[in-house]
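These notes concern the structure reproduced below.
The values are calculated or read from the model by the stated rules, or taken from the named source; none is laboratory data. Fair warning: this is a prediction, and the values are worked out from it, not measured in the lab. Counting neighbours? That spans all protein chains shown, and the Cβs are built from the backbone with ideal geometry, glycine included.
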Amino acid sequence: MDRLFEMTWGEPASAPTAGVFPAMNVTQDADRYQVRAELPGIRTEDLQISVERNKLVVSGKREMPGESDAVSYHRRERAGGSFSRSLTLPADLDADKVEANYANGVLTITLPKAEAVKARQVTVKAS
Amino acid sequence: MPTDTNIQLSEKQEVSGAAEQTREGPVYEPLVDISEDAEGLTLMADMPGVTPERLTIDLRENVLTLRGEVEAPPPNESYVLREYGVGAFYRQFTLADSIDQSRIDARLKDGVLHLRLPKVEKARPRQISVKAS
């Protein structure tokens, strides 16, 4: 369930997935990471997100509508059930400032990097 | 449906060639459920990132075409990990039954399209009484 970042670090091109639902895309800038996952048709109350140090865990369930007997299926490709995915980020996170947004079936989690690991601009003074 | 099963990851299938593209970028096949009852067909399609304004549903001569555009990710983002591609959704289906176009109902919520396609009402069976001569 855990994915070690070292494996794909520095490989921005499409990498093979961890094989665990949901697939995740992660981007970063100097101050934060953004983790995105496609999770269509999920109620936000069925999503749990936790952060500890540099580890993010996203779990939840996707409920599918019950089927009636009068229905026959031509195609069934969409899956319901539970999921849990953990992701280890390359740097420690500021767990108190994590924000999550769910829109149009896409979950976006913004994870600020911990103060201690943020790249700092150092000005060199002329003596 | 029980939720004690774990969802298995199914990688997005990229479509090549068939889709006429209005924009640059990859095109993927949405996952669908299609069910049928006496009155019609119900199609559910996972199209995460698609908004109602960017979704087109076209039905002509029994060919149903779904196309959804998504917002391109910000170009200057630096990827740390990329497990899935982001692009438009496109899929076509041939329907066996005649669909009553005037009663089609489409709803899009949280990236899931719910499309109801009622069948054309068949001519009512008529009872023919035979008179005794």
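Contact list please: Cβ distance under 8 Å, first residue in the stretch A:26-41 and within 8 Å of chain B (Cβ to nearest Cβ), second residue hydroxyl-bearing (Ser, Thr, Tyr) and part of a loop (DSSP other than H, G, I, E, B), pairs at least six apart or on different chains.
Listed pairs, sorted by first residue: A:38/B:84.
Select from the stretch A:50-59 the residues that are outside any strand (DSSP E or B) and either within 7 Å of another protein chain (Cβ to nearest Cβ) or in contact with a Leu (Cβ under 6 Å, 6 or more places away or on another chain) (or both) and list them in ascending order. Lay out the reasoning, then the answer.
Kept after step one, since they are outside any strand (DSSP E or B), are these residues of the stretch A:50-59: A:53-54.
The answer is A:54, and nothing else.
Residues A:123, A:110: which one is under 21 Å from residue A:21 (Cα atoms) and more than 9 Å from chain B (Cβ to nearest Cβ)?
On the way: A:123 fails: under 21 Å from residue A:21 (Cα atoms).
The conditions single out A:110.
What do you reckon, is residue B:105 closer than 20 Å to residue A:106 by Cα and without any contact (Cβ under 8 Å) to a residue 24 or more places away in the chain? Let's see the steps before the verdict.
Numbers: closer than 20 Å to residue A:106 by Cα: no; without any contact (Cβ under 8 Å) to a residue 24 or more places away in the chain: yes.
So residue B:105 fails the test.
Might you check whether a residue that is under 30 Å from residue A:31 (Cα atoms), at pLDDT 90 or above and in a loop (DSSP other than H, G, I, E, B) occurs anywhere in the stretch B:92-110?
Step one: filter the stretch B:92-110 for residues under 30 Å from residue A:31 (Cα atoms), giving B:110.
Narrowing the set further to residues that are at pLDDT 90 or above leaves B:110.
From what's left, in a loop (DSSP other than H, G, I, E, B): B:110.
Yes: one or more hits.
Since residue B:68 meets every condition but one in (1) buried (at least 16 other Cβ atoms within 10 Å of the Cβ); (2) of a type in the set (Gly, Ala, Ser); (3) free of Cβ contacts under 8 Å to residues at least 24 places away in the same chain, which condition does it not meet?
Here residue B:68 clears every test but (3).
Scan the stretch A:60-89 for residues that are in contact (Cβ under 8 Å) with a residue 12 or more places away in the chain, of a type outside the set (Gly, Ala, Ser) and more than 7 Å from every other protein chain (Cβ to nearest Cβ) and jot them down. Give the steps one after another, and end with the answer.
Applying the first criterion (in contact (Cβ under 8 Å) with a residue 12 or more places away in the chain) to the stretch A:60-89 yields A:60-64, A:78-89.
Keeping just the survivors that are of a type outside the set (Gly, Ala, Ser) gives A:61-64, A:78, A:83, A:85, A:87-89.
A:85, A:87, A:88, A:89 - these are the residues of the stretch A:60-89 that are in contact (Cβ under 8 Å) with a residue 12 or more places away in the chain, of a type outside the set (Gly, Ala, Ser) and more than 7 Å from every other protein chain (Cβ to nearest Cβ).
Quickly run through the stretch B:31-52 and pick out the residues that are facing another protein chain (nearest Cβ under 9 Å), closer than 14 Å to residue B:115 by Cα and of a type outside the set (Gly, Ala, Ser). Break it down stepwise before answering.
Taking the stretch B:31-52 as the starting set, the residues that turn out to be facing another protein chain (nearest Cβ under 9 Å) are B:31-38, B:41-51.
Restricting the remaining residues to those that are closer than 14 Å to residue B:115 by Cα gives B:31-37, B:41-47.
Within the stretch B:31-52, B:31, B:32, B:33, B:34, B:36, B:37, B:41, B:42, B:43, B:44, B:46, B:47 meet the criteria.
For the stretch B:13-41, give me each residue that is among the charged types (D, E, K, R), modelled with pLDDT of 90 or more and under 14 Å from residue B:87 (Cα atoms).
Correct list: B:29 only.
Is it true that some residue in the stretch B:55-63 is buried (at least 18 other Cβ atoms within 10 Å of the Cβ), within 11 Å of another protein chain (Cβ to nearest Cβ) and within 25 Å of residue A:65 (Cα to Cα)? Quick ask: steps written out before the conclusion?
Just the residues of the stretch B:55-63 that are buried (at least 18 other Cβ atoms within 10 Å of the Cβ), to begin with: none.
There is no residue in the stretch B:55-63 that is buried (at least 18 other Cβ atoms within 10 Å of the Cβ), within 11 Å of another protein chain (Cβ to nearest Cβ) and within 25 Å of residue A:65 (Cα to Cα).
Looking only at the stretch A:87-117, how many residues end up being crowded, with 16+ Cβ neighbours inside 10 Å, under 13 Å from the mean Cα position of the chain (by Cα) and part of a strand (DSSP E or B)?
Residues in the stretch A:87-117 being crowded, with 16+ Cβ neighbours inside 10 Å, under 13 Å from the mean Cα position of the chain (by Cα) and part of a strand (DSSP E or B): 6 in total.
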